[in-house]
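The values are calculated or read from the model by the stated rules, or taken from the named source; none is laboratory data. In this text, all values refer to a predicted model and were calculated from it rather than measured experimentally. Cβ coordinates were reconstructed from backbone atoms using ideal geometry, including for glycine residues, and neighbour counts include every protein chain displayed. Ligands, DNA and RNA are stripped out before the accessible areas are found, and what is left, the full protein with its side chains, is counted by its heavy atoms. Shrake-Rupley method; radii C 1.70, N 1.55, O 1.52, S 1.80 Å.
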Amino acid sequence: MASTPAQITSFIGGRHVPSVTTYDNIDPATNKTIGQIARGGFDEVDQAVIAASRAQQSWGRTKPEERARLLVAAAELIRADRENLARLESEDTGKPLTQAYADVDVCARYFEFYGHTIEAYYGHTIPLGEDMHVYTRREPYGVTGHIVAWNYPLQLVGRAAATSLATGNCAVAKPADETPRTTLRLAEILDQAGFPTGAFNVVTGLGREAGAALAQHPEVAHLGFVGSTGTGSIIARAAADRVIPTVLELGGKSANIVFADADIDAAVPSLVRSIIQNAGQTCSAGSRLLVHTDVRDEVLEKMSAAMREVTIGPGLDDPMLGPLVSRKQFERVTGFLERLDSGEILTGGAAPEAISTSGAEGSAGTEGAFFAPTIVADVEADSEIWQEEVFGPVVVSRSFDSDEQAIAEANGTDYGLVSAVWTQNLSRAHRMAAEIEAGQVFVNTYGAGGGVELPFGGFKKSGYGREKSIEAFDEYTQTKTVVMKI
């Protein structure tokens with residue numbers, strides 16, 4: 001008789017808390033169960049919020065120096081657990097190990113960066129007059145709630161937790177249904193680092209249950225969400241009902257804009273990476289390609305050739321491209337191609353015919369959620385696949401003839417997260433950067449969200465608020481003005 005997989009439990013108030021019911025944790029490379037996840041709900045969320053509230057009463061008054069020390073200690077422990085964290089991340093998400101290692105490194109960097117900068121985060125004095133002493137204080141909200149997506153679970157929860165804790169808040173996180181394990185391991189690490197018991201809590205479960213309970217809990221003073229625009233609007237309504245602030249990092253349909261004077265050979269590797277990284281399951285993926293008519297054929301031919309060379313396999317084998325996160329996501333991506341009403345598929349467009357693996361006989365793609373890197377050229381500007389987020393390794397392309405047309409096409413969706421401009425004309429680059437409606441614009445590179453130091457967030461339906469960088473401190477604190485007559 002096969003043994004029953006251990007339950008992956010919530011972590012509340014410094015201890016693991018099982019739930020009465022569970023659901024399967026699925027390996028996207030094999031579509032097989034690798035464990036049982038505790039299906040937490042209102043009761044677990046309530047326990048977690050109470051634990052965070054108790055911890056915050058003392059943590060909110062802790063000196064920045066002490067917070068900094070613990071944040072840096074957490075970064076060191078994350079790096080010490082790098083191998084384990086990367087393996088968990090790869091198994092849960094399907095991403096190649098190289099990308100999982102990078103996610104661990106970035107998570108550690110968040111704690112280190114905010115540990116180093118929180119001591120330099122001050123209020124201001126305001127010169128109101130000789131007989132007035134006026135200053136501002138930046139104060140924590142209290143308990144912050146974080147509902148994060150499945151594509152970068154460790155990175156997303158790491159940047160939220162590090163910012164919240166650095167500014168004196170305590171937190172409750174609800175990881176994505178499919179990818180809870182690295183978030184739970186992070187909670188153990190923070191407990192080990194010496195953060196107060198209950199400073200960071202994790203409730204596992206389904207979004208419609210545990211996520212909804214966290215978004216609606218009356219003692220949560222601030223919400224952060226990373227995920228789809230549709231779910232983000234639900235989170236925003238829940239926050240509005242209770243008049244609390246929220247940071248939303250939502251969908252994207254980001255454009256790479258390639259001009260005729262671009263260095264094509266330098267651009268193509270970046271163009272490919274921007275859509276195959278994490279199997280295209282990235283809000284900032286370069287999923288739209290705008291190419292000047294004069295270089296359209298060259299760019300598409302070179303990109304197609306590069307995509308055909310992409311190695312595909314289970315994440316633990318460390319290929320260039322792993323599976324999508326689930327069969328459900330595979331069906332979603334496949335649906336876009338099946339409904340295609342314009343354009344030409346130059347390469348890909350379906351599951352790959354064969355998957356090479358280092359540790360198994362035969363093809364791993366039979367049941368796994370693998371999808372070949374895909375280019376669809378010359379789609380219509382109003383087509384579903386040009387306007388909507390596919391969230392897979394699928395890039396769609398259109399041509400343009402003028403700068404004005406390129407700007408109009410780049411801005412012609414509901415999203416505005418990231419864009420990139422490829423040109424050797426610096427005047428054009430600055431004009432484009434000013435006119436493009438996006439939270440980040442790259443020139444002759446593609447940052448896929450950028451570094452820890454760079455403010456990150458969207459325009460339009462890509463969300464509001466900023467994460468990463470020192471600007472994130474402003475999102476997690478509220479300003480108090482003190483006016484004192486002398």
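Summary of computed values
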| item | result |
| --- | --- |
| Which listed residue is farther than 25 Å from TYR464 by Cα, out of contact with any Leu (no Cβ under 8 Å at 6 or more places or on another chain) and surrounded by 20 or more Cβ atoms within 10 Å (Cβ to Cβ), from ALA176, ALA266, ALA262 | ALA262 |
| Helices (runs of 4 or more DSSP H) completely within segment 208-317 that count 3 or more residues being of a type in the set (S, T, N, Q) | 229-242 |
| Restricting segment 196-212 to residues that are surrounded by fewer than 24 Cβ atoms within 10 Å (Cβ to Cβ) and over 19 Å from the mean Cα position of the chain (by Cα), the residue that is nearest to ILE234 (Cα to Cα) | ALA212 |
| Tally, over segment 369-402, of residues that are in contact with an Asp or Glu (Cβ under 8 Å, 6 or more places away or on another chain), open to solvent by 40 Å² or more (accessible area, probe 1.4 Å) and part of a loop (DSSP other than H, G, I, E, B) | 2 |
| Segment 249-267 residues that are farther than 22 Å from GLN405 by Cβ, paired with ones that are in a helix (DSSP H, G or I) and polar (S, T, N, Q) (beta carbon under 6 Å, 6 or more apart) | LEU250/THR229; GLY251/THR229 |
| Residues being in a strand (DSSP E or B) and of a type in the set (D, E, K, R) - total across segment 432-486 | 4 |
| Residues of segment 448-463 classified as in contact (Cβ under 8 Å) with a residue 60 or more places away in the chain and either more than 21 Å from VAL226 (Cα to Cα) or surrounded by fewer than 18 Cβ atoms within 10 Å (Cβ to Cβ) (or both), total | 1 |
| Some residue of segment 50-60 being charged (D, E, K, R) and under 23 Å from ALA193 (Cβ atoms) | yes |
| Subset of segment 403-438 that is open to solvent by 40 Å² or more (accessible area, probe 1.4 Å) and polar (S, T, N, Q) - its residue that is nearest to SER270 (Cα to Cα) | GLN424 |
| Sole exception among (1) farther than 19 Å from ASP474 by Cα; (2) out of contact with any Ser or Thr (no Cβ under 9 Å at 6 or more places or on another chain); (3) among the hydrophobic types (A, V, I, L, M, F, W, C); (4) open to solvent by 20 Å² or more (accessible area, probe 1.4 Å) for LEU97, by number | (2) |
| Of residues in segment 113-131 being of a type in the set (Asp, Glu) and more than 28 Å from GLN155 (Cα to Cα), the one most open to solvent (accessible area, probe 1.4 Å) | GLU130 |
| Residues of segment 292-303 classified as open to solvent by less than 10 Å² (accessible area, probe 1.4 Å) and either of a type in the set (Asp, Glu) or under 27 Å from the mean Cα position of the chain (by Cα) (or both), total | 1 |
| In segment 235-247, the residues that are closer than 14 Å to GLY211 by Cα and either of a type outside the set (Val, Ile, Thr) or surrounded by fewer than 17 Cβ atoms within 10 Å (Cβ to Cβ) (or both) | ALA236, ARG237, ALA238, ALA239 |
| Condition met for GLY40 (surrounded by 15 or more Cβ atoms within 10 Å (Cβ to Cβ), modelled with pLDDT under 95, in contact with a strand residue (DSSP E or B) (Cβ under 7 Å, 6 or more places away or on another chain) and not assigned by the TED database to the domain that holds ALA369) | no |
| Failed criterion for GLU83 (all others in (1) open to solvent by less than 10 Å² (accessible area, probe 1.4 Å); (2) of a type outside the set (Val, Ile, Thr); (3) free of Cβ contacts under 8 Å to residues at least 24 places away in the same chain hold) | (1) |
